[in-house]
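The values are calculated or read from the model by the stated rules, or taken from the named source; none is laboratory data. Keep in mind that this is a model prediction, so the values were computed, not measured. Positions of Cβ are backbone-derived with ideal geometry, glycine not excepted, and every protein chain shown enters the neighbour counts.
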């Protein structure tokens, strides 16, 4: 008995590994996120299997996890595959792997395509340290809260996003991280219409607003400048005052400070307003 989690191609069937093909041929049970897409993959890569295929997706993950554990304990050789990439990474499989390990069952992973690492490499942003944040919250308020918590994150950040929510996510990201923060939209990776759009958050937000966004989206955002969290409200206000003393109007001074420190203009504005209240 053994549990195997296997990475599947993001889109190009040629990325399927020899180990994946062998695992499909040898499995007795295959848990697939979408059985139709799994059958299509097998056709594309020329693999014939004899395993029983069962659906394993977010809606039935809890019940299927118990069923698969029972199968494993009776000697089944279980292979878990998602629609694309590695199971457990924003896809079902984590609970099953965790419970299998706790029961001391044999587990292994077949590595392969990863949207996260491919997008980081394509983005041109720092790759020495990065963090995967999954899908941002669907509601605007929760999404803004998520981005606020990451405002001083110094590592490159990677998100998955649905095409119909990309424009809203980019707008919120620009609001929190600042319009000059660099980022990249990686779309349809390894597929025929693969595309990477690089630029500032302001530029990407404009692109998303003016283009029909289709396909699988991975969003990569540059981390904050080192020690940005140590920037206090007093320092922001002092810098605004310096720009004003040099002849710049307040609106321009606030924008300049926001750009200088890669933070949202509204945060600088709020600091100035609070400082004015305290001085009265």
Scan region 244-258 residue by residue and report those that are surrounded by fewer than 15 Cβ atoms within 10 Å (Cβ to Cβ) and in contact (Cβ under 8 Å) with a residue 12 or more places away in the chain.
-> 250
Does region 244-263 hold any residues that are farther than 20 Å from residue 153 by Cα and outside any loop (DSSP other than H, G, I, E, B), and which are they?
-> 244, 245, 250, 251, 252, 253, 254, 255, 256
Would you mind telling me which numbered condition in (1) modelled with pLDDT of 95 or more; (2) over 23 Å from residue 222 (Cβ atoms); (3) in contact with a helix residue (DSSP H, G or I) (Cβ under 9 Å, 6 or more places away or on another chain) residue 70 fails?
-> (3)
Which members of region 1-38 meet the condition of being closer than 26 Å to residue 215 by Cβ and free of Cβ contacts under 8 Å to residues at least 12 places away in the same chain?
-> 14, 36
Among the listed residues 241, 266, which satisfies the condition of being surrounded by fewer than 17 Cβ atoms within 10 Å (Cβ to Cβ), in a helix (DSSP H, G or I) and under 29 Å from the mean Cα position of the chain (by Cα)?
-> 266
State whether one or more residues within region 80-96 are more than 15 Å from residue 23 (Cα to Cα), touching a helix residue (DSSP H, G or I) at 6+ places or on another chain (Cβ under 7 Å), assigned to a helix (DSSP H, G or I) and assigned by TED's automatic domain parsing to the domain that holds residue 12.
-> yes
Would you please list the contacts, defined by Cβ atoms under 6 Å and residues six or more apart or on different chains, that run from a residue in region 189-213 that is outside the structural domain of residue 165 (by TED's automatic domain parsing) and more than 25 Å from residue 223 (Cα to Cα) to a residue that is modelled with pLDDT under 95 and buried (at least 16 other Cβ atoms within 10 Å of the Cβ)?
-> none
Looking at 159, 147, which one is part of a strand (DSSP E or B) and either surrounded by fewer than 16 Cβ atoms within 10 Å (Cβ to Cβ) or not assigned by TED's automatic domain parsing to the domain that holds residue 261 (or both)?
-> 159
Here are 179, 171: which of them is over 16 Å from the mean Cα position of the chain (by Cα), assigned by TED's automatic domain parsing to the domain that holds residue 134, more than 17 Å from residue 116 (Cβ to Cβ) and part of a helix (DSSP H, G or I)?
-> 171
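Table: residues versus (1) in contact (Cβ under 8 Å) with a residue 40 or more places away in the chain; (2) in a loop (DSSP other than H, G, I, E, B); (3) assigned by TED's automatic domain parsing to the domain that holds residue 34; (4) farther than 30 Å from residue 197 by Cα.
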position	(1), (2), (3), (4)
71	yes, no, yes, yes
127	no, yes, no, no
137	no, yes, no, no
153	yes, yes, no, no
